[in-house]
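K.L.:
Would you mind keeping the following structure in view while I ask a few things?
The values are calculated or read from the model by the stated rules, or taken from the named source; none is laboratory data. Just so it is clear, the model here is predicted, and its values are computed rather than measured. All Cβ positions, even for glycine, are placed from backbone atoms using ideal geometry, and neighbour counts span all protein chains on display.
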Amino acid sequence: MKQVMVRYNVKPERVEENEELVRAVYEELRRTEPAGLRYATFKLDDGVTFVHLAVIERENEDSPLSRVRAFREFKEHLDDRTDEGRLRTELDRVGSYRLLGDSSEQ
């Protein structure tokens, strides 16, 4: 299982556009229900920082997000919408409780 966090700051005038693109990703995910993916997006209290958490259940396969049309459209002009480059970090889970769909602490 691979766990990834991506964090970036959006230009203030592009926040609404970014949120619309993110919502389109979730609309497509709800329709297509790709297997092997758990995904969440958060906007921090500064109003411009976004954090995406993805859990890809099959570590040796490409992320199911790469097959989501709306996600490709979201990424297409992301660099234009952001003030800073993206920070992508693979996470090593120490524990969780119901955050990742588990029913008990891992």
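K.L.:
Tell me which residues, restricted to region 12-25, are under 14 Å from the mean Cα position of the chain (by Cα), surrounded by 15 or more Cβ atoms within 10 Å (Cβ to Cβ) and either within 26 Å of residue 60 (Cβ to Cβ) or basic (Lys, Arg) (or both).
P.N.:
Result: 25, single match.
K.L.:
Let me ask something else about it. Residue 46 fails exactly one of the following numbered conditions: (1) at pLDDT 95 or above; (2) under 12 Å from residue 68 (Cα atoms); (3) part of a loop (DSSP other than H, G, I, E, B). What is the number of that condition?
P.N.:
If we test residue 46 against (1) at pLDDT 95 or above; (2) under 12 Å from residue 68 (Cα atoms); (3) part of a loop (DSSP other than H, G, I, E, B), just (2) comes out false.
K.L.:
Name the residue that is modelled with the lowest pLDDT, counting only residues in region 64-106 that are under 15 Å from residue 40 (Cβ atoms) and hydrophobic (A, V, I, L, M, F, W, C).
P.N.:
Across region 64-106, the extreme among qualifying residues is 100.
K.L.:
With respect to residue 38, is the statement that it is assigned to a loop (DSSP other than H, G, I, E, B) and either touching a strand residue (DSSP E or B) at 6+ places or on another chain (Cβ under 7 Å) or small (Gly, Ala, Ser) (or both) true?
P.N.:
For residue 38, the condition - assigned to a loop (DSSP other than H, G, I, E, B) and either touching a strand residue (DSSP E or B) at 6+ places or on another chain (Cβ under 7 Å) or small (Gly, Ala, Ser) (or both) - is not met.
K.L.:
If a residue has to be touching a residue at least 24 places away in the same chain (Cβ under 8 Å) and out of contact with any strand residue (DSSP E or B) (no Cβ under 9 Å at 6 or more places or on another chain) to count, how many in region 3-29 make the cut?
P.N.:
Number of matching residues: 5.
K.L.:
Restricting to region 6-35, count the residues that are charged (D, E, K, R) and either farther than 22 Å from residue 88 by Cβ or not in a helix (DSSP H, G or I) (or both).
P.N.:
Count: 9.
K.L.:
Tally time: how many residues in region 54-99 are more than 15 Å from the chain's Cα centre (by Cα) and either among the acidic types (Asp, Glu) or part of a helix (DSSP H, G or I) (or both)?
P.N.:
Within region 54-99, residues that are more than 15 Å from the chain's Cα centre (by Cα) and either among the acidic types (Asp, Glu) or part of a helix (DSSP H, G or I) (or both) number 8.
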